[in-house]
1. When the range 135-155 is examined, which residues are found to be under 21 Å from Lys253 (Cα atoms), crowded, with 19+ Cβ neighbours inside 10 Å and out of contact with any Gly (no Cβ under 9 Å at 6 or more places or on another chain)?
2. Look at Ala336 and say whether it is surrounded by fewer than 20 Cβ atoms within 10 Å (Cβ to Cβ) and either at pLDDT below 85 or in a helix (DSSP H, G or I) (or both).
3. Write out, first by first residue and then by second, each pair whose Cβ atoms fall under 8 Å of each other, whose residues are 6+ apart or on separate chains, and whose first residue, in the range 267-279, is in the same structural domain as Gly344 (by TED's automatic domain parsing) and in contact (Cβ under 8 Å) with a residue 24 or more places away in the chain while the second is among the basic types (Lys, Arg) and crowded, with 24+ Cβ neighbours inside 10 Å.
4. Consider Lys120 carefully, then state whether it is in contact with a strand residue (DSSP E or B) (Cβ under 8 Å, 6 or more places away or on another chain) and modelled with pLDDT under 85.
5. Could you figure out which of (1) buried (at least 20 other Cβ atoms within 10 Å of the Cβ); (2) outside the structural domain of Ala329 (by TED's automatic domain parsing) isn't true of Ala111?
6. Need at least 3 residues that are of a type outside the set (Gly, Ala, Ser) and over 28 Å from Ala310 (Cβ atoms) per element, so show me which strands (runs of 3 or more DSSP E) inside the range 22-130 make the cut, counting only ones lying wholly within it.
7. Do we have any residue at all in the range 150-158 that's among the hydroxyl-bearing types (Ser, Thr, Tyr), over 31 Å from the mean Cα position of the chain (by Cα), assigned by TED's automatic domain parsing to the domain that holds Arg252 and modelled with pLDDT of 85 or more?
Amino acid sequence: MSAVSLPPVNPFAHKPSRTQALEKFVLGAFRAATYFILLCGLVVFADIIIKGVPTVVNGFKTTAQFPYVTNTFLFTAPESLYVFEHQGQAMEMGDKDYRAFREAAEAEAVAAGQPAPKFKATSYVYSAGGIWPCIVGTVLLVIGSMSIALVLGVCSAIFLNEYAKDGPVVRFIRLAILNLAGVPSIVFGLFGFGMFVIFCVWNVSLMAGWFTLAFMVLPVVITASEESLKAVPKGFREGSLALGATKWQTIRKNVLPYALPGILTSSILGIARVAGETAPIMFTAAYVVRDKLPWDVEKVGDFFFQGVMALPYHIYVVSSKIPQNEYTARVQYGTAFVFLAIVGLIATASILLRNNLRGRYKW
């Protein structure tokens, strides 16, 4: 019999080892953990959407006047819900409608010479009406605080990156900024309460909430803005200075426009944090219930020094400070859905603006 010839052994062939097997296992574990986290997030968002959308959709009502369609959940204030029976029919009404219905029924009974009907109603706080004042307050808090944070943050970043010389003081400032980014929001709330509400005598107001939230996101804005400025090539500065431009003209014309996309990225992160905070506005800006909207004031200056309602604080109150039942649950999910939609819209607008600037300023 002829001997079977074996193929030559390749000395460079891949040889499995324990280290490579361990790396594959760790990589698989990281991938599984990532997918699990994403799945958990999708489940939470799906739960909010599935349970929150009916609350918003059921709020649509027709009206006799223009625009002939309205949404009572989005465009009315929170009310107590009254659940009662009338002539064998179960009914649910908000506080205003219930009072009007009761007065009309009593007047009708008196006109017919009959005794006034007795209503045995069960009331549920914040389970009727809508969240319009909360929407207005949240949007005002986000716009005002982010405007302050962007102005102060970009100016600070320009000074640290373009003007300040590296030294112990500048390094200490940068370290302090990084440390402030990790401070809990409740600490900023107590700081805002002591500084703006008491010391500055602004009381619980929009102004106090603006500055408290602005200081809370300021470290993120400064850090991201400084990194965006560092990313702009030095040749842009040197070329501008060589042509006779001043330092400020160079920064304004040749540095800031190219750093704006990165600065807007920091604003997106700030919006998500500002809009979702409850503790800071609880001490400085938010009321549980406020009858008037922010622009219903006698003087223009009063607009800045009045408290507002806000979506995260409303969710907190409805979820933990009142008895829980099926009626409060639909308000909770409806408010959470609208809150996510508003934050998503603001963040999407910032992303679109950032992408537009990226396409306009390229190097």
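The values are calculated or read from the model by the stated rules, or taken from the named source; none is laboratory data. Not measured: the values here are computed from a predicted model. Reconstructed Cβ throughout: ideal geometry from the backbone, glycine too, with neighbour counts over all protein chains shown.
1. The one that is under 21 Å from Lys253 (Cα atoms), crowded, with 19+ Cβ neighbours inside 10 Å and out of contact with any Gly (no Cβ under 9 Å at 6 or more places or on another chain): Val154.
2. No: the conditions fail for Ala336.
3. Listed by first residue and then by second, the contacts come to nothing, as the list is empty.
4. Values: in contact with a strand residue (DSSP E or B) (Cβ under 8 Å, 6 or more places away or on another chain): yes; modelled with pLDDT under 85: yes.
Considered against the rule, which asks whether it is in contact with a strand residue (DSSP E or B) (Cβ under 8 Å, 6 or more places away or on another chain) and modelled with pLDDT under 85, Lys120 comes out as yes.
5. (1)
6. On the way: elements: 60-62, 69-71, 78-86, 89-94, 122-129.
The qualifying strands (runs of 3 or more DSSP E) are 78-86.
7. The answer is no, given that none of the residues of the range 150-158 is among the hydroxyl-bearing types (Ser, Thr, Tyr), over 31 Å from the mean Cα position of the chain (by Cα), assigned by TED's automatic domain parsing to the domain that holds Arg252 and modelled with pLDDT of 85 or more.
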